[in-house]
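Input: a single structure, listed below in structure tokens.
Just so it is clear, none of the values below were taken in a lab; they were calculated from the coordinates. Keep in mind that what you see is a predicted model, and the values were worked out from it rather than measured. Cβ placement follows ideal geometry from the backbone for every residue including glycine, while neighbour counts extend to all protein chains displayed.
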Amino acid sequence: MTYIKKYFNLLTLLPLLLWAMVLGMGYSFVPVSYNGFLIGFLLLHILYAFFAVKFKSYAEKISKALGILTPVIMPAGTIILATVLETDGIYAKQSALCAAFILPVTVITSLVVFFAYAKREWVKIMVGITAGFILGIYFIICAGFLWSRWFVSFELTRSVTSPDGDYAIEIITYDEGAMGGSTKVCLKGTDEIFVGLGTLKERSHAIEHGRWAEEYEIIWTDNETFILNGEEYCVKDYITAP
């Protein structure tokens, strides 16, 4: 238990490494429950901040250094997580809501830890002002992002898999009501990995954007080549096979 107290802040590196690995593998993350994911995210960060401050007197040099660097390390991991969430598909609304909340939660809890470990008052003031400025800009960006997603209906209208079942071409319709909409053609791998809290799905790659409800003729000529409205495409141009 004493060892955990001495190096507790090493935990800040785990989310950063985890989500970077998921992103590097070419996957997106779809939680089983977005509400449950948000609640769990909030609770874990509050618990981390509480114990990081409580174990401050036990912290070794590396743990103290990580405590001071939390406003950099933790938001970096959360930004990667927001990238990993599927924010441009049928889960766009849920993912956009998650992305809007997770970074502010991370910044606030990381600042609590930072203020406990940092010693120079002028550093605390400068970091606090910078963090407040960044959060202000972030909320403005998120407001626009949520507005662009909230009143749009996302529907997977068609999915055509390759002969071997390894890839799929998906047609996603964006219905923006009176403003019209659009149609997006995406290519993605069909591999999925259930990890308990959610599912890792291969990230999609946009092939073409068209008008709302536009029809597309899709023909797979082999396992890695397809024809979209008379034009030939190769999977390897979009997806690098492992």
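For this structure, a couple of remarks:
- Residue-count net charge about K188 - beta-carbon cut-off 11 Å; Lys, Arg +1, Asp, Glu -1: -4
- Exposed trypsin sites (Lys or Arg not before Pro) absent - longest run of the chain, DSSP non-H/G/I/E/B, at most 10 other C-beta within 10 Å: 121-242
- 0 to 90° range, to nearest 10: angle between helix 34-54 axis and the chain longest Cα axis: 20 degrees
- Distance violations [Cα-Cα > 30 Å] among K61/K124; K184/K236; K6/K93; K5/K201: K6/K93; K5/K201
- Tilt relative to the chain, helix 92-117 - C-alpha long axis, 0 to 90 degrees, to 10: 20 degrees
- Counting only DSSP H runs of at least 4 residues, each contributing -39500 (n - 2.57), and dividing by the residue count of the chain, the helix-based mean residue ellipticity at 222 nm comes to -16500 deg cm²/dmol.
- Cα gyration tensor category, rounded, prolate or oblate, for the range 153-237 with a/c compared to 1.5: oblate
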